[in-house]
Amino acid sequence: MPTTLETVRPIGLAEIREARKRIAATVVRTPLVRLELGPGSPDIRLKLENLQPINAYKLRGAANAVALLSESERSSGVWTISAGNAGQGVAYAARRAGVPCTVVVIATAPASKIERMRALGAKLVPVPYDVAWKALDERSYPGVKGTFVHPFDDHNFIAGHATIGLEILEDAPDTAAVIASIGGGGLITGVGSALKALDPGIKVWGVEPETAAPAALSFAKGSAQVFKDWKPSFVDGAGGKSVFPRMWERMKPVVDGSFVVSLDDTKKAMRLMAEKARVIAEGAGALPVAAALTGKAGQGPIVAIVSGGNVDLTKFCEIIAS
């Protein structure tokens with residue numbers, strides 16, 4: 001583990017374009033489709049990252065980060081910490097590169113995510129959420145060796161995610177606002193970096209569930225905050241216990257703020273996407289639609305990034321039925 005971390009710096013447009021070329025053979029250029037809601041409703045378009053090979057956007061960052069590792073870094077294998085999607089992304093990219101992968105996985109991650117990480121060849125080390133969050137901050141875990149790929153506080157990881165922003169503006173140059181879920185903050189930092197470089201007038205909004213909203217608290221107070229009332233929920237891919245100070249430094253220049261939505265509204269958004277667009281979204285993937293439906297981001301056009309669709313189907317049916 002390095003004794004000093006790389007200084008936080010902006011994600012440049014040239015870096016994002018290079019990342020796009022680098023990961024083109026690994027990721028899908030996902031479609032942007034309109035969510036048909038009828039007259040008077042916001043104009044919402046869905047950026048379907050749930051259609052990536054791992055059914056989540058994390059493959060973009062993982063593919064870029066693994067591709068940029070040196071031979072000596074690859075030789076020792078790679079490892080990451082994840083509730084499922086980052087683990088799948090790093091495992092997928094590592095397998096393509098012929099590199100061993102270990103994932104320190106949050107023990108309460110959905111069974112579908114755990115099985116898919118295992119199927120991708122990752123060695124899994126289950127730990128409680130609190131332990132995983134501490135390991136993310138310390139960038140180490142006892143007994144796990146290799147090159148650590150941070151699932152959000154990593155410049156190359158974020159540059160990979162930023163390629164989503166390029167695609168959005170190519171497909172919908174009239175976009176007024178983009179909404180992305182915030183977990184660690186890597187997705188929104190990447191997308192915001194691309195969008196603000198190309199069109200500074202676009203609003204970039206985050207969204208979190210009411211049970212875990214440290215980013216909204218951080219924007220309200222103007223500094224990185226801990227969310228003291230954190231509770232676990234079916235929205236396992238967004239909403240951390242805190243905003244890491246380094247991620248706050250990355251986010252604040254390219255993000256306009258963050259919304260908070262209820263779990264009930266998130267469930268309704270999951271059901272709406274299934275009914276109207278036949279899209280299966282996990283909780284974190286539905287948060288942006290739930291936020292767009294509140295009207296707080298305006299009438300649009302609004303791009304809601306459907307960040308992932310890795311949800312157990314039995315659980316999905318239970319959620320939308322409730």
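The values are calculated or read from the model by the stated rules, or taken from the named source; none is laboratory data. Quick caveat: nothing in here was measured; it's all calculated off a predicted structure. Neighbour counts are summed over all protein chains in view; Cβ atoms, including those assigned to glycine, are modelled from backbone coordinates with ideal geometry. For the accessible areas, the whole protein counts, side chains as well, though only heavy atoms, and no ligand, DNA or RNA atoms are used. Shrake-Rupley method; radii C 1.70, N 1.55, O 1.52, S 1.80 Å.
Relative to the longest principal axis of the C-alpha atoms of the chain, give the angle of the C-alpha long axis of helix 186-198, reported between 0 and 90° and rounded to the nearest 10°.
The helix 186-198 is inclined about 60 degrees to the chain.
May I ask for log10 I(q)/I(0) of the stretch 33-192 at q = 0.16, 0.17, 0.18, 0.19 Å⁻¹, from a Debye sum over the Cα atoms as equal point scatterers with solvent left out?
-0.87, -0.96, -1.05, -1.14
Using 0.36 nm per residue of separation minus the Cα-Cα distance, give me the extension gain between Ser223 and Ala107 in nm, one decimal.
Full-extension gain reported as 38.7 nm.
Nearest 500 deg cm²/dmol is fine: what mean residue ellipticity at 222 nm does the chain get from its DSSP H runs of n ≥ 4 alone, each adding -39,500 (n - 2.57), divided by its residue count?
Estimated from H runs of four or more residues: -13000 deg cm²/dmol.
Measure nothing but the geometry: give the 0 to 90° angle between the long axis through the Cα atoms of 155-171 and the longest principal axis through the Cα atoms of the chain, rounded to 10°.
30 degrees
Just the number: Rg to Rh for the stretch 170-221, Cα atoms, Kirkwood Rh, two decimals.
1.01
If I model the stretch 126-209 as equal point scatterers sitting on the Cα atoms and use the Debye formula, what is log10 I(q)/I(0) at q = 0.12, 0.14, 0.16 Å⁻¹?
-0.45, -0.57, -0.68
Tell me which lysines have Cα within less than 19 Å of Lys231's Cα, excluding those fewer than 8 residues away on the same chain?
Lys134, Lys241, Lys267, Lys315
Report Rg (one decimal) and Dmax (nearest whole number) for the stretch 17-102, counting Cα atoms only, units Å.
Computed over the Cα atoms of the stretch 17-102, radius of gyration and Dmax are 16.1, 57 Å.
From the phi of every residue in the stretch 37-46, what ³J(HN,Hα) in whole Hz does the Karplus formula 6.51 cos²θ - 1.76 cosθ + 1.60 yield, where θ is phi - 60° and glycine or proline is x?
My calculation for the stretch 37-46 gives 10, x, x, x, 8, x, 7, 10, 10, 9 Hz in order.
So, in Å, what gap is there between the alpha-carbon centers of the stretch 243-293 and the stretch 188-223?
Rounded to whole Å, the Cα centres lie 11 Å apart.
Output the relative contact order of the chain, whole-number percent, from Cα pairs under 8 angstrom with separation of 6+ residues.
22 percent
Filter the GluC sites (Glu not before Pro) in the stretch 1-32 to those in DSSP coil with at most 12 other Cβ atoms within 10 Å of their Cβ, and list the result.
Glu6
Counting only protein heavy atoms and using a 1.4 Å probe, what share of the accessible area of the chain belongs to carbon plus sulfur, as a whole percent?
Using a 1.4 Å probe with all protein chains present, the chain comes out at 53 percent carbon and sulfur.
Is any residue of the stretch 177-210 close enough, with backbone N under 14 Å, to a label point placed 7 angstrom from the Cα of Asp137 along the Cα-Cβ axis, and if so, which?
Under 14 Å, as judged by backbone N against the label point of Asp137, lies no residue of the stretch 177-210.
According to the Kirkwood expression over distinct Cα-Cα pairs, how big is the hydrodynamic radius of the chain, in Å?
After inverting the pairwise mean of 1/r, the radius is 19.1 Å.
Roughly how big is the stretch 47-185's charge dipole about its Cα centre, with Cβ charges of +1 (Lys, Arg) and -1 (Asp, Glu), in debye to the nearest 20?
My answer is approximately 620 debye.
Where a Cα-Cα gap under 22 Å defines reach, which lysines qualify for Lys21, not counting those fewer than 8 residues away within the same chain?
Lys47, Lys58, Lys196
So which trypsin sites (Lys or Arg not before Pro) in the stretch 12-43 are both in a DSSP loop and have at most 16 other Cβ atoms within 10 Å of their Cβ?
Sparse-neighbourhood loop trypsin sites (Lys or Arg not before Pro): Arg29.
Under a point-charge model restricted to the Cβ atoms of Lys and Arg (+1) and Asp and Glu (-1), what is the dipole moment magnitude of the chain relative to its Cα centre, in debye to the nearest 20?
440 debye
Find which of Ala224, Thr30, Ala277 sits farthest along the positive direction of the dipole of the chain, computed with +1 on the beta-carbon of Lys and Arg, -1 on that of Asp and Glu, about the Cα centre.
Thr30
Using the crude model of +1 on Lys and Arg Cβ and -1 on Asp and Glu Cβ, and no other charge, please compute the dipole size for the stretch 221-322 relative to its Cα centre, in debye to 20.
Roughly 240 debye for the stretch 221-322.
Stretched out fully, how many nm does the piece from Glu115 to Glu170 gain, at 0.36 nm a residue minus the Cα gap?
Contour length minus Cα-Cα distance gives 16.3 nm.
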